[in-house]
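Structure first, then comments.
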Protein chains: 2
Amino acid sequence: MAREAGVSRATVSFVLNNTQHQKITEATRRRVLTAAEKLGYAPSAAARTLRYGRSDVVLGLLPDWPLGYAAGQLVQELTLAFANRNLTFVVHSGIRGARSLSEIWKAITPAAVLSFEPFSDSDATAMRAAGIEVIVALYDDKGPGSDENITSANAIGAAQARHLAASHRRLGYAYPDDERVAVFAGPRADGVRKACAELGLPEPDVRTVPLTADAAADAVRSWLAADPQVTGICAFNDDVAMSVLAGLRRLGLEAPRDMAVIGVDDSPAAAVSSPPLTSVVQDLPGIAELYANSVRAALDGAPATSNQVEPRIRLEVRESA
Amino acid sequence: MAREAGVSRATVSFVLNNTQHQKITEATRRRVLTAAEKLGYAPSAAARTLRYGRSDVVLGLLPDWPLGYAAGQLVQELTLAFANRNLTFVVHSGIRGARSLSEIWKAITPAAVLSFEPFSDSDATAMRAAGIEVIVALYDDKGPGSDENITSANAIGAAQARHLAASHRRLGYAYPDDERVAVFAGPRADGVRKACAELGLPEPDVRTVPLTADAAADAVRSWLAADPQVTGICAFNDDVAMSVLAGLRRLGLEAPRDMAVIGVDDSPAAAVSSPPLTSVVQDLPGIAELYANSVRAALDGAPATSNQVEPRIRLEVRESA
DNA sequence: CTGTTAGCGCTTTCAC
DNA sequence: GTGAAAGCGCTAACAG
């Protein structure tokens, strides 16, 4: 490349990177660009990474569990948010039996890792030792025993509860039948619990609801038999909510007359369920901006900017609640 | 590292990579490993990539459109399949306004790219020039005018049609209301068309079905008014299928009595829809194996192995059809 | 303003 | 057996 243009390697570097504060002759500039064009020259990210010790890649680590509509959306928004900050976002889907975490990040050499599941301390220290910024998303650092005010982690559950509390005196929580999402479902259920407490409602009745009509019917029966009777259900997500709706139909009952149900995610199916499902929708673009900001700030060595706007939570009110 | 162990760099390399045909003293070997351990030494993928000109990363390029349940599953299966072949699979979600394709692959330096959407010839040649294996998935290279036998691309549609043909004389196709998935929906609709032709059924009636009950009701009305009347619907996916079901309910009609409906993906919501949805389920692990094999073979410079087993397609028969 | 040089960490080749 | 050295492509620093 340098040889071809008859120019020094450094000059080439300046031209191709549009380095400021370097005055390059227009002729030289043109010569370099022409040569680059002719040779189909492409800069080597590997070399650049080796030199800098850091790439511009942000590695997203997805957990093992089933990825639904919302997860896909979030990934897309994150991709966009990082791109706007000159960072390339790629995702690796964690899965039993796949490569170990260390193999992944060594293969990618990311500038930062944004994980949606917690990992071991040794992994974390190893990554930090390699100069990688590590950010764990979606989890409160407060620990399980925290009795703080409602945080963004459980704001979803709280929003569900508050909506139902307008017309229901006892709420239930439809918990997913998948242990893998427990880290996720727990905080949401906690949000419901806290909101109930704040509103003076009795403790919510949490039941696991598998994704079959029969099993859901069992749960519905139990809720209706409870004392005080449970008539408003906050579901972990739209799938679980639709399962509850199926359970109601199986018993010849109807939402919201006999029992109100509210989901999370506003997935496409929610709009056409029977009855159409009321659902909580998260501000995914906002959340993506938040994480992208955190990562960018960490990479720039900036202090953790806490002027972050809390992402909004919205209710898509339909007929089920 | 070498300095610390008092051993040559080459020796270190041999030990850490378990290079065969090199006889290393057990003492030296131990010395190296100890030093590596103590220093928390991690090999630099960037340097290795620079040296080899190729990493062990396979870059998956996802299209812009909404990622559903099946897409998430496929990504997980691909991750596993590639891991079993010593390849690290990461995914970049294509999205309007995000970085250009060339920025992505230059940042990652992948050994291969597995794309789920077609890209320009110039992109393809640029990547190949950079030594990257390029594989475009999910599309037939036969071109749009192909009248071949049913291929895997449209086998899904064919399976739907064949199931419905047992009890219905005229079929309809519920096409998604999203232009972005056209590349995907087209072949499936073609599969239905071909199966109808083979079975001596009239041409299927293709209608776009948005994801709202009202719009779906319109489509249902048109199908029932058609001549000959359409009573069996193949839907692009489960979401569209559930929309058709909603349209039926809106008109006071019922599946499968008034109209049978069959979806694709067997998403969680399908099992609890009203009525429970019959759906085509693809052999995602099989498909993942297929692609992983192709990529592996291409990287090994092997000829395209055509002893590939065609992934099976299965029907999850419930009540809607 | 332009050209040269060193070195990021790794592997391969060659010399001891 | 082990050690030294070159070079992958890049950029920062320095010399002309």
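Bear in mind that the values in this text are calculations on the coordinates, not laboratory data. Since this is a predicted model, take the numbers as computed values, not measurements. Using ideal geometry, Cβ is built from the backbone for each residue, glycine included, and neighbour counts are taken over all protein chains shown.
Using the beta-carbon distance between residue A:52 and residue B:257 and R0 = 41 Å, what value does 1/(1 + (r/R0)^6) give for FRET efficiency, to the nearest 0.05?
That pair, residue A:52 with residue B:257, gives E of 0.05.
What's the local net charge at residue B:64, with K and R +1, D and E -1, over the other residues with C-beta under 15 Å away?
Details: positive: B:96, B:99, B:180; negative: A:77, B:117, B:178, B:179.
Summing Lys and Arg as +1 and Asp and Glu as -1 gives -1.
If you rank B:99, A:207 by fewest surrounding Cβ atoms within 10 Å, what's the result?
Working: B:99 22, A:207 19.
Going from least to most buried by this count: A:207, B:99.
Count the net charge of all other residues whose Cβ sits under 11 Å from the Cβ of residue A:237, scoring Lys and Arg as +1 and Asp and Glu as -1.
Details: positive: A:188; negative: A:178, A:238, A:239, A:265, A:266.
Local net charge: -4.
Determine the gain in length on full extension of the stretch residue A:182-residue A:166; use 0.36 nm per residue of separation and subtract their C-alpha separation, reporting nm with one decimal.
Numbers: separation 16, 0.36 × 16 = 5.76 nm, distance 2.80 nm.
Going from the current span to full extension adds 3.0 nm.
Would you mind putting A:112-120, A:170-178, A:238-246 in packing order, based on average other-beta-carbon counts within 10 Å, highest first? Please report the intermediate quantities before stating the final value.
Working: A:112-120: 19.4, A:170-178: 23.4, A:238-246: 29.8.
Ranked from most to least packed, the peptides come out as A:238-246, A:170-178, A:112-120.
Measuring label to label, 7 Å along Cα→Cβ, what does residue A:317 give against each other copy in nm, shortest first?
Ordered by distance, the counterparts are at 4.5 nm.
What average count of beta carbons from other chains do you get within 10 Å of the Cβ of residues in A:246-252? Walk me through the numbers before you get to the answer.
Values: counts 7, 1, 0, 3, 2, 0, 0.
Other-chain Cβ atoms within 10 Å of each residue's Cβ, averaged: 2.
Taking a label point 7 Å out from Cα toward Cβ, give me the nm distances from residue B:257 to the same spot in the other copies, shortest first, one decimal.
Distances to the matching label points in the other copies: 1.8 nm.
Please give the net charge around residue A:210, taking every other residue with its beta carbon less than 11 angstrom from that of residue A:210, where Lys and Arg add +1 and Asp and Glu add -1. Each step should come with its number before you reach the end.
Details: positive: A:207; negative: A:177, A:178, A:214, A:218, A:239.
Computed value for this residue: -4.
Shape of segment B:153-281 from its Cα gyration tensor (a ≥ b ≥ c, root eigenvalues): rounded if a/c is under 1.5, otherwise prolate when a/b > b/c, or oblate?
Details: a/c = 1.35, a/b = 1.13, b/c = 1.19.
Rounded is the answer for segment B:153-281, as its axis ratio a/c remains below 1.5.
Using a simple spin-label model with points 7 Å from Cα along the Cα→Cβ vector, what separation in nm is obtained for residue B:300 and residue A:206?
Output for this residue pair reads 4.9 nm.
Could you put A:208, B:49, B:79 in order, starting from the residue whose Cβ has the fewest other Cβ atoms within 10 Å? Walk me through the numbers before you get to the answer.
Numbers: A:208 16, B:49 25, B:79 29.
Listed from fewest to most nearby Cβ atoms, that is A:208, B:49, B:79.
List the distances, in nm to one decimal, from the label point of residue B:200 to the label points of the same position in every other copy, shortest first, placing each label point 7 Å from Cα along the Cα-to-Cβ direction.
Between copies, matching label points for residue B:200 lie 7.5 nm apart.
What average count of beta carbons from other chains do you get within 10 Å of the Cβ of residues in B:78-88?
On the way: counts 2, 10, 6, 1, 2, 8, 3, 0, 2, 2, 9.
Other-chain Cβ atoms within 10 Å of each residue's Cβ, averaged: 4.
Indicate the gyration tensor shape class of segment A:85-137 (rounded, prolate or oblate), computed on the Cα atoms with a ≥ b ≥ c the square roots of the eigenvalues: a/c under 1.5 is rounded; otherwise a/b larger than b/c is prolate and the rest oblate.
It is rounded, given that a/c, with a ≥ b ≥ c, falls under 1.5.
Averaged across A:98-107, how many Cβ atoms of other chains sit within 10 Å of each residue's Cβ atom?
Working: counts 9, 10, 1, 0, 1, 5, 6, 3, 7, 11.
The mean count of partner-chain Cβ atoms within 10 Å per residue comes to 5.
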